[in-house]
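What follows is a single structure, written as structure tokens, with notes after it.
The values are calculated or read from the model by the stated rules, or taken from the named source; none is laboratory data. Bear in mind that the values here come from a model prediction, so they are computed numbers and not experimental data. In this analysis, Cβ positions are derived from the backbone assuming ideal geometry, glycine residues included, and neighbour counts consider all displayed protein chains.
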Amino acid sequence: MTVMLKNAIKYRIQDLQITNICYTSKQQDEAYNSGATQRIIRIVEIPVDPIDSSTKKFGLSLPLAPILHSLLCKISAKEQQKWIIPPSTEGRGLQEVTINDKFAKFSEALFIANRHARKEAQQYALMREKFAQKEKEEKERC
């Protein structure tokens, strides 16, 4: 693509000051480029986002967060007591877990339904075996 653009550019672009470029395609056929021999391409610079800090070129930016290092001097017991975070006092650990009676009935009903479905599947498999055995005996008789 860059080779084609180098061949097609009639103007020298300096810091995107020139916004129009004449482009001539190598393939000069009506099937390509809708039959056009040349195209004019306009180059427009992308507007700079003033909020984006990576492209910020002026103004004061927020200071970086300080890097915390371990202290060189030892901390007294009084200082250590200041940094202790008290445990949560909202009482979540004191609540009792209760299960609703309807949930117990529901889980029992699911267990019974599962057991019943397994019995039916087992009976169906036995019937298929018996049916296959009968077909095999009939084929041997013929």
Checklist entry - Would you call T89 surrounded by fewer than 10 Cβ atoms within 10 Å (Cβ to Cβ), in a loop (DSSP other than H, G, I, E, B) and at pLDDT below 80? => result yes
Checklist entry - In this structure, is S70 under 30 Å from T19 (Cα atoms), small (G, A, S) and at pLDDT below 70? => result no
Checklist outcome for this item: Picking from T24, T37, T55, the residue that is out of contact with any helix residue (DSSP H, G or I) (no Cβ under 7 Å at 6 or more places or on another chain), modelled with pLDDT of 75 or more and of a type in the set (S, T, Y) would be T37
